[in-house]
1. I'm checking my understanding of the structure. Among residues of region 136-150 that are at pLDDT 95 or above and not in a strand (DSSP E or B), which one is nearest to residue 49 (Cα to Cα)?
2. Please tell me if residue 17 is modelled with pLDDT of 90 or more and over 11 Å from the mean Cα position of the chain (by Cα).
3. Of all residues in region 229-244 being part of a loop (DSSP other than H, G, I, E, B) and in contact (Cβ under 8 Å) with a residue 24 or more places away in the chain, which is surrounded by the most Cβ atoms within 10 Å (Cβ to Cβ)?
4. Regarding region 159-174, can at least one residue be identified that is touching a strand residue (DSSP E or B) at 6+ places or on another chain (Cβ under 7 Å), more than 18 Å from residue 31 (Cα to Cα) and surrounded by 15 or more Cβ atoms within 10 Å (Cβ to Cβ)?
5. For region 109-132, state whether one or more residues are more than 24 Å from residue 71 (Cβ to Cβ) and touching a helix residue (DSSP H, G or I) at 6+ places or on another chain (Cβ under 7 Å).
6. Across region 42-59, which residue is nearest to residue 83 (Cα to Cα) among those that are under 14 Å from the mean Cα position of the chain (by Cα) and without any contact (Cβ under 8 Å) to a residue 12 or more places away in the chain?
7. Against the condition modelled with pLDDT under 95, surrounded by 13 or more Cβ atoms within 10 Å (Cβ to Cβ) and in contact with a strand residue (DSSP E or B) (Cβ under 9 Å, 6 or more places away or on another chain), how does residue 93 come out, does it pass?
8. What are the residues in region 170-228 that are free of Cβ contacts under 8 Å to residues at least 24 places away in the same chain, under 25 Å from residue 48 (Cα atoms) and part of a helix (DSSP H, G or I), if any?
C-alpha cells in the first residue's frame, strides 16, 4: 500500500517533467521556423506567409482583378523590395511605393505614419514587410496594415507560445497544428521516457533537436491531436502556426 501511495505522489511529477520538455521542444520548433523564415531559409511559415514581388502582384492583378482579389483579400504576404517613394493620401494615410517591372507600375504598402522606422525610411531603402491583401484596390494592388517582418515575427512567436502555455494549463484538445505538435511531443515522451532523459541530458539542446526525426509519423500524430471536426484535406492546408493579425 505504501508503494502505491509513493507511485501516486511521484506520477504527476513525471507528467509535469514530460510536459515541460514537450513545451521546450515545441518552443524550439517555433523559434527555429521563425529564424529560418527571417533568414529566407525553408520554413513551415513559407506557405502561410508567401513572399511575393510587386511585379508578380501587378501581373496577377492585370490578368484578372477578380481572381487576384479572391486570392489575396485578407491574405498575409511578405514583401522584400526597394522603396520607390514614401507618400500620403488625401486622407493622410501613409504608404510606401514599390515599383513593378517599370516606372509606371507600382503597388502601395499602407503603413503606420507614426512608426519611427517608417519616418526614417528613404527612397531606395530596402524593406522587408508583412502585409495584408485587400479587395479594395485602385488601378494597382494595395497592401494594408504593413509592418516590418521582424516586428510581426515577435508577435507570432508570443502568440504561439501563449497558446502552448494555455494548452498545458487547460489540458484540452488542440485546435491548431502547433498545439497538436506540442501534444504529439507529450505523447511521445510519455511512451518513451528514455527519449526525455536523452534530450534533457544532451550537452547541446539545439543540436540534439536538429537530429530529431520530424517525419511523416510525427506529422500524422500531430494531425490526430487536433480537433476531429477537420477533414484530412483541411489539416493538410492548415497553417502550422497561429498567424496574428497585423494591426
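1. 149
2. No: the conditions fail for residue 17.
3. Out of the qualifying residues, it is 241.
4. yes
5. Yes, that holds for at least one residue.
6. My answer is 46.
7. Yes.
8. The answer is 210, 216, 217, 219, 220.
The values are calculated or read from the model by the stated rules, or taken from the named source; none is laboratory data. Keep in mind the model is a prediction, meaning the values are calculated, not measured. Methodologically, a virtual Cβ is constructed for each residue, glycine included, from the backbone with ideal geometry; neighbour enumeration extends over all protein chains shown.
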